[in-house]
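Step one of this worksheet: look at the structure below.
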């Protein structure tokens, strides 16, 4: 697992100090690659390098989460409207297959697997626009939301609700209805933020209360 994935998956918790010697030993690499990786993570706002103190995993920031959600919503709503008018049967087959896997993972209680297929579904829809940079832009905007939502998916009933929201999006695409697809996608994305807002109170130690 890469350092970035370890941070996004909360293997490294917000506020935790990153011990470079231990990381080097675990990954089997020298300090140089780790230092380069930390520099990239710092540029993405995922770690804070404090002189004379160390490197710390960045705490969550609701300001950054709201901004990321706003940008992702703008990109994804534009994409879904386009895809609703151009989607092919072969593309719908891919989305239906993805939904079936999501349902099986939900029934198995595989939260990590469900999360991966959730992300894959959104990536599929983005790819159907044939805009090569769109998925990268969306993922960059979503990085802070992506990390915080790991606290949320285990919430009782949230995975089931997420699956139903995904089914509504696919149903709108099957109907080739841009308006319905946009509405279903907006509802889905905003539900996530609704569930993330209370985390500031339930996990105050993981959030930067200064912004």
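The values are calculated or read from the model by the stated rules, or taken from the named source; none is laboratory data. Since this is a predicted model, take the numbers as computed values, not measurements. Glycine also receives a Cβ, built like all others from the backbone with ideal geometry; neighbour counts cover every protein chain displayed.
Being in contact with a helix residue (DSSP H, G or I) (Cβ under 7 Å, 6 or more places away or on another chain), closer than 19 Å to residue 72 by Cβ and in contact (Cβ under 8 Å) with a residue 12 or more places away in the chain is the requirement here; does residue 169 meet it? Yes; evaluated as a whole, the condition is true for this residue.
When residue 52 is tested against (1) loosely packed, with under 14 Cβ neighbours inside 10 Å; (2) outside the structural domain of residue 197 (by TED's automatic domain parsing); (3) in a helix (DSSP H, G or I), exactly one condition is not met: (3). Per the listing 141, 78, 69, the residue uniquely under 18 Å from residue 183 (Cα atoms) and buried (at least 19 other Cβ atoms within 10 Å of the Cβ) is 69.
Against the conditions (1) within 19 Å of residue 182 (Cα to Cα); (2) in contact (Cβ under 8 Å) with a residue 60 or more places away in the chain, residue 128 satisfies every one except (2). Of all the criteria given as (1) within 22 Å of residue 112 (Cβ to Cβ); (2) part of a helix (DSSP H, G or I); (3) not assigned by TED's automatic domain parsing to the domain that holds residue 128, the one not satisfied by residue 24 is (1).
Would you check if residue 100 is more than 24 Å from residue 202 (Cα to Cα) and either in contact with a helix residue (DSSP H, G or I) (Cβ under 7 Å, 6 or more places away or on another chain) or assigned by TED's automatic domain parsing to the domain that holds residue 9 (or both)?
Criteria not met by residue 100.
Within the range 96-105, can one find any residue that is crowded, with 17+ Cβ neighbours inside 10 Å, over 17 Å from the mean Cα position of the chain (by Cα) and closer than 20 Å to residue 10 by Cβ? Yes; the residues of the range 96-105 include at least one that is crowded, with 17+ Cβ neighbours inside 10 Å, over 17 Å from the mean Cα position of the chain (by Cα) and closer than 20 Å to residue 10 by Cβ.
Of all the criteria given as (1) at negative phi; (2) touching a helix residue (DSSP H, G or I) at 6+ places or on another chain (Cβ under 6 Å); (3) surrounded by 15 or more Cβ atoms within 10 Å (Cβ to Cβ), the one not satisfied by residue 10 is (1). Being touching a strand residue (DSSP E or B) at 6+ places or on another chain (Cβ under 9 Å) and either closer than 27 Å to residue 197 by Cβ or in a helix (DSSP H, G or I) (or both) holds for only one residue in 95, 75, 71, 41, and it is 41.
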